[in-house]
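Trainee: Here's a structure for you.
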Amino acid sequence: MKGKVLVTGGAGYIGSHTCVELINEGYEPVIVDNFSNSERFVIDRIREITGVKCSLIEGDCTNQNFLESNLKSLDLVGCIHFAASKAVGESSKLPLKYYHNNIASTVAILAVLEKINCPNFVFSSSCTVYGQPDILPVTENSSIKPAESPYGRTKQMCEDIIRDCYNAGQGIKAFALRYFNPIGAHPSALIGELPLGTPNNLVPFITQTAIGKRAELTVFGNDYNTPDGTCIRDYIHVVDLAKAHVKAIKKLIVSNESVFDVINLGTGHGNSVLEVIESFEKVNGIRLNYKIGPRRNGDVEKVYADCSYAKDTLNWKTELSLEEALKDAWNWEKTL
Ligand code: NAD
Ligand code: WQD
């Protein structure tokens with residue numbers, strides 16, 4: 001084993017896939033999760049996929065005393081911090097929930113890691129920090145726009161907090177990974193996304209419509225300035241995303257230099273909503289019931305990543321296609 005990596009939010013969607021890839025690469029993930037947005041069976045599923053039972057510490061990452069007492073004797077080599085609340089719409093209705101959970105957990109984790117001398121830190125950020133970029137594809141040097149939601153603001157603020165820790169000169173080594181649109185599921189169909197209630201995101205809404213849980217998908221606007229009029233996003237398979245985390249933590253572990261850097265994680269390609277629907281229908285042989293509706297408030301027209309920095313820094317690029325992601329998402333939905 002190459003060492004224990006703390007994975008906060010490791011029972012969640014991206015965290016669980018990352019635990020699988022950490023195990024595949026010889027690391028020992030230690031999950032801290034309070035199951036506020038995930039299910040306990042995910043831990044068994046990770047074991048089913050990998051043959052390895054992950055350590056689980058159940059509790060709240062905003063509680064610094066709890067973290068310190070549980071982590072101090074573990075001899076961690078790094079931490080990947082996923083734990084956060086992530087529903088953009090909800091964050092506008094319950095801003096304090098988001099400022100508390102997302103900011104307090106990041107501050108508490110950073111404080112404890114500093115105390116236990118574990119400088120290697122990977123943070124889950126988001127392309128939401130760019131808003132509607134002026135130039136596409138969007139590079140890490142693009143300007144950060146005022147956030148559209150409290151959720152987006154927590155990601156910007158957490159990046160600033162980590163940068164301040166770096167500037168303080170106490171030796172932190174950190175990457176903030178800005179994900180574009182993670183979709184799909186593990187090809188085993190044993191783990192995947194588990195949206196609570198009505199999904200906000202496109203792909204879970206598509207799979208739930210296809211299976212009959214939702215009557216109809218609404219495409220939010222077809223009058224954008226794009227080839228087919230619908231919004232364009234960079235959809236990345238969650239397994240590719242998970243692999244990038246392993247490369248990121250590995251790079252920090254072997255490096256001797258204090259660093260703080262931000263890295264885009266996407267495919268580098270944009271697809272429209274209608275292209276995603278057509279692709280889903282084609283790859284799974286299903287017709288989807290959908291209609292065109294009005295625009296959704298706060299949606300950006302088009303955004304996709306320039307991923308050359310991830311290639312240069314982490315020697316990482318995506319390997320899986322949109323079609324594979326949509327096939328895996330559908331296979332996962334069928335198991336639910
Ligand atoms: P998720 O909700 O599936 O996973 C988050 C996990 O963290 C859950 O298991 C939840 O129970 C846990 N958690 C939340 N607050 C906690 C706390 N205070 N203490 C302990 N555990 C806690 O979300 P995800 O899609 O896997 O997202 C992971 C991270 O990636 C989040 O930080 C999210 O903001 C970020 N992100 C997600 C997306 C996306 O589209 N899914 C895009 C960009 C960034
Ligand atoms: C994708 C496209 C919708 C649902 C969100 C967060 C962002 C990041 C990723 C965390 C858009 C359209 C959707 C539907 C639709 N998360 N759509 N009908 O908005 O790009 O990003 O998740 O950091 O911060 O904002 O993703 O999946 O909601 O939407 O037409 O029922 O699908 O308008 O163009 P989005 P999404």
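The values are calculated or read from the model by the stated rules, or taken from the named source; none is laboratory data. Note that the coordinates shown come from a computational prediction; the quantities given were computed from them, not determined experimentally. For neighbour counting, all protein chains shown are included, and Cβ atoms are generated from backbone atoms with ideal geometry for every residue, glycine included. Note: areas computed on protein heavy atoms with side chains; ligands, DNA, RNA excluded. Shrake-Rupley method; radii C 1.70, N 1.55, O 1.52, S 1.80 Å.
Trainee: So which of Phe260, Phe205 ends up being of a type in the set (Phe, Trp, Tyr) and either farther than 18 Å from Asp328 by Cβ or more than 23 Å from the chain's Cα centre (by Cα) (or both)?
Mentor: When all the criteria are applied, what remains is Phe260.
Trainee: So which residues in the stretch 6-39 are among the polar types (S, T, N, Q) and in contact with a Leu (Cβ under 7 Å, 6 or more places away or on another chain)?
Mentor: Answer for the stretch 6-39, where residues must be among the polar types (S, T, N, Q) and in contact with a Leu (Cβ under 7 Å, 6 or more places away or on another chain): Asn37, Ser38.
Trainee: Right, another one. Of the conditions (1) more than 16 Å from ligand 2 (Cβ to nearest atom); (2) β-branched (Val, Ile, Thr); (3) under 18 Å from the mean Cα position of the chain (by Cα), Thr62 fails just one. Which one is it?
Mentor: (3)
Trainee: If you scan the stretch 72-109, which residues turn out to be in contact with a strand residue (DSSP E or B) (Cβ under 6 Å, 6 or more places away or on another chain), assigned to a loop (DSSP other than H, G, I, E, B) and more than 23 Å from Leu202 (Cα to Cα)?
Mentor: Leu74
Trainee: May I ask you to list pairs of residues, at least six apart or on different chains, whose Cβ atoms are under 8 Å apart, with the first in the stretch 171-197 being in contact (Cβ under 8 Å) with a residue 12 or more places away in the chain and the second being open to solvent by 40 Å² or more (accessible area, probe 1.4 Å) and basic (Lys, Arg)?
Mentor: Sorted first by the residue in the stretch 171-197, then by its partner, the pairs are Phe175/Lys251; Ala189/Lys334; Leu190/Arg45; Ile191/Arg45.
Trainee: Looking only at the stretch 37-74, count how many residues are in contact with a Lys or Arg (Cβ under 7 Å, 6 or more places away or on another chain) and open to solvent by 60 Å² or more (accessible area, probe 1.4 Å).
Mentor: 2
Trainee: Every residue in the stretch 93-122 that is of a type in the set (S, T, N, Q) and open to solvent by 30 Å² or more (accessible area, probe 1.4 Å), please.
Mentor: Of everything in the stretch 93-122, those that are of a type in the set (S, T, N, Q) and open to solvent by 30 Å² or more (accessible area, probe 1.4 Å) turn out to be Asn101, Asn117.
Trainee: Okay, moving on. For the stretch 1-59, give me each residue that is of a type outside the set (A, V, I, L, M, F, W, C), within 16 Å of ligand 2 (Cβ to nearest atom) and in contact with a Pro (Cβ under 8 Å, 6 or more places away or on another chain).
Mentor: Hits for the stretch 1-59 are Tyr13, Thr18.
Trainee: Name every residue in the stretch 28-70 that is touching a residue at least 60 places away in the same chain (Cβ under 8 Å) and in contact with a helix residue (DSSP H, G or I) (Cβ under 6 Å, 6 or more places away or on another chain), in order of residue number.
Mentor: Selection gives Val42, Ile46, Ile49.
Trainee: Taking only the stretch 285-305 into account, find how many residues are surrounded by fewer than 20 Cβ atoms within 10 Å (Cβ to Cβ), outside any strand (DSSP E or B) and touching a residue at least 24 places away in the same chain (Cβ under 8 Å).
Mentor: 10
Trainee: Look through the stretch 132-145, keep the residues that are without any contact (Cβ under 8 Å) to a residue 24 or more places away in the chain and either under 20 Å from Ala248 (Cα atoms) or within 14 Å of ligand 2 (Cβ to nearest atom) (or both), and return whichever of them is most open to solvent (accessible area, probe 1.4 Å).
Mentor: In this case the residue turns out to be Asn141.
Trainee: Within the bounds of the stretch 125-135, is there any residue that is over 30 Å from Ile232 (Cβ atoms) and either of a type outside the set (A, V, I, L, M) or within 21 Å of the chain's Cα centre (by Cα) (or both)?
Mentor: Within the stretch 125-135 (the criterion being over 30 Å from Ile232 (Cβ atoms) and either of a type outside the set (A, V, I, L, M) or within 21 Å of the chain's Cα centre (by Cα) (or both)), the answer is no, since none of the residues qualifies.
Trainee: Look at Cys19 and say whether it is within 18 Å of Leu241 (Cβ to Cβ) and either more than 12 Å from ligand 1 (Cβ to nearest atom) or open to solvent by less than 60 Å² (accessible area, probe 1.4 Å) (or both).
Mentor: Taking the combined requirement at face value, the residue satisfies it.
Trainee: Which pairs turn up if I take residues in the stretch 103-131 that are farther than 14 Å from Tyr166 by Cα and within 16 Å of ligand 2 (Cβ to nearest atom) and look for partners that are open to solvent by 10 Å² or more (accessible area, probe 1.4 Å) and part of a strand (DSSP E or B) with beta carbon separation below 8 Å, at least 6 apart in sequence or on another chain?
Mentor: Pairs that qualify, where the first residue is farther than 14 Å from Tyr166 by Cα and within 16 Å of ligand 2 (Cβ to nearest atom) and the partner is open to solvent by 10 Å² or more (accessible area, probe 1.4 Å) and part of a strand (DSSP E or B), are Ser124/Tyr179; Ser125/Tyr179; Ser125/Val262; Ser126/Tyr179; Cys127/Tyr179; Cys127/Asn181.
Trainee: Hey, Leu196 hits all of (1) of a type outside the set (Gly, Ala, Ser); (2) within 14 Å of ligand 2 (Cβ to nearest atom); (3) out of contact with any Cys (no Cβ under 9 Å at 6 or more places or on another chain) but one; which does it fall short on?
Mentor: It fails just one condition, (2).
Trainee: Would the stretch 178-201 turn up any residue that is aliphatic (A, V, I, L, M) and within 28 Å of Leu96 (Cβ to Cβ)?
Mentor: Yes, the stretch 178-201 contains a residue that is aliphatic (A, V, I, L, M) and within 28 Å of Leu96 (Cβ to Cβ).
Trainee: Taking strands (runs of 3 or more DSSP E) that do not extend beyond the stretch 132-251, which have at least 2 residues that are over 30 Å from Arg287 (Cβ atoms) and either touching a strand residue (DSSP E or B) at 6+ places or on another chain (Cβ under 7 Å) or more than 16 Å from ligand 1 (Cβ to nearest atom) (or both)?
Mentor: It comes to 173-179.
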